[in-house]
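One structure is given below, encoded as structure tokens.
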Amino acid sequence: MTRCCRAGTSPTWTPSSNGWAAPTSRTCRSTRPNSWDPPGPREDPAAGFRTYSDGQGDQAGPKRRLRPESFADHYSQARQFLISQTETERQHLTDAFVFELSKCDRMAIRTRMVAGLVNVDENLARTVADGLGLGELPDALPPARQPVRDLPASPALSILANGPESFAGRKIGVLVTDGADAAKLEEIRAAAEQANVNVELIAPTVGGVQDSDGEQVPADQKIDGGPSVLYDAVVVLASKQGTPLLAALPAARDCITDAYAHCKFIGYVGDLAPLLEATGLADLTDDGFADLGRSSAADFITRCAELRFWPRQASIAEKVTAARG
């Protein structure tokens, strides 16, 4: 009798009553191929992991580490996952492949990974190949089992298609300076409390700022230690005199450029032009920027439930493509 053991940690070679035998398509095997061979690591039948027979009577016999034949299909579920994503999520997947494979210093490995992607989706593979500068799209890797290409998309597999209905539990970073509009700050705080949203004040110094009413308002973060990556959305609440100060501070400029690059919603009050010009964003503002002098803080927080202004991602990609010619 052959007993099937856990598949996840099995060796390539399978113990049998006749000793170590070459695996079949149903045996569990470690990662192949190994581009570092020779002298890449291999199983050692003599000194490595070994399974021993146990049991008595009709329960006796060697243990084998087996997988169902469907385990040889490496691409069908990957394809179904891909086609179930929104365009934004597909772009994220593409960018992730390009980023990670760009860290691999072996051309053969990068090429082979793209060749595997051809079995999932040729457009995905081609875009990743372009991002890696491969030049030509490699031929698809021969699949151990032909992938199923008619699996339907599943909306349940998309994160963005199943996003939150509110901004509750999120955090807004409010960049403030001396002379910040006291009434608008109070409005932001009240709207955030009503929506169960956290607010942190970010200032040039952690001692805080003096608002337009002359009140000292302590800060939660000094700008150098409160980058926009810590927040789900950002608001710039600066006075007319304070905006040029922010424009002169590298950390403040980074706060806005990072928020823009990460497609976050950016609210502001007053003239943001000096800061936008200093960051190079003066001609790049979009509907993800909200003038809180013209709209309410509550409306801004409601929009933030989308978490990101995703059209900006497509716009950035289009500009990059146009710049390349």
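The values are calculated or read from the model by the stated rules, or taken from the named source; none is laboratory data. For clarity, every value in this text was computed on a predicted model and none was experimentally measured. All Cβ positions, even for glycine, are placed from backbone atoms using ideal geometry, and neighbour counts span all protein chains on display.
Annotations
- Answer from ASP286, ASP271, ASP254 - the residue that is surrounded by 16 or more Cβ atoms within 10 Å (Cβ to Cβ) and either at pLDDT 95 or above or outside any helix (DSSP H, G or I) (or both): ASP254
- Restricting attention to region 83-120, the residues being more than 17 Å from ALA153 (Cβ to Cβ) and among the hydroxyl-bearing types (Ser, Thr, Tyr) number 3.
- Which listed residue, of ARG112, ARG149, ARG170, ARG145, is over 27 Å from SER70 (Cβ atoms) and of a type in the set (D, E, K, R): ARG170
- Scanning region 239-269 for residues that are in contact (Cβ under 8 Å) with a residue 60 or more places away in the chain and farther than 23 Å from ARG308 by Cα returns SER239, LYS240, GLN241, GLY242, THR243, LEU245, LEU246.
- Residue under evaluation ALA314, criteria (1) in contact (Cβ under 8 Å) with a residue 24 or more places away in the chain; (2) out of contact with any Phe, Trp or Tyr (no Cβ under 9 Å at 6 or more places or on another chain); (3) within 28 Å of ALA182 (Cβ to Cβ), criterion not met: (3)
- Criterion applied to PHE81, PHE97 was being under 17 Å from VAL148 (Cα atoms), crowded, with 16+ Cβ neighbours inside 10 Å and under 20 Å from the mean Cα position of the chain (by Cα), and the one residue passing it is PHE81.
- Test: residue in region 82-105 that is among the hydrophobic types (A, V, I, L, M, F, W, C) and in contact with an Asp or Glu (Cβ under 6 Å, 6 or more places away or on another chain): yes
- Restricting attention to region 293-303, the residues being surrounded by 20 or more Cβ atoms within 10 Å (Cβ to Cβ) and out of contact with any helix residue (DSSP H, G or I) (no Cβ under 6 Å at 6 or more places or on another chain) number 1.
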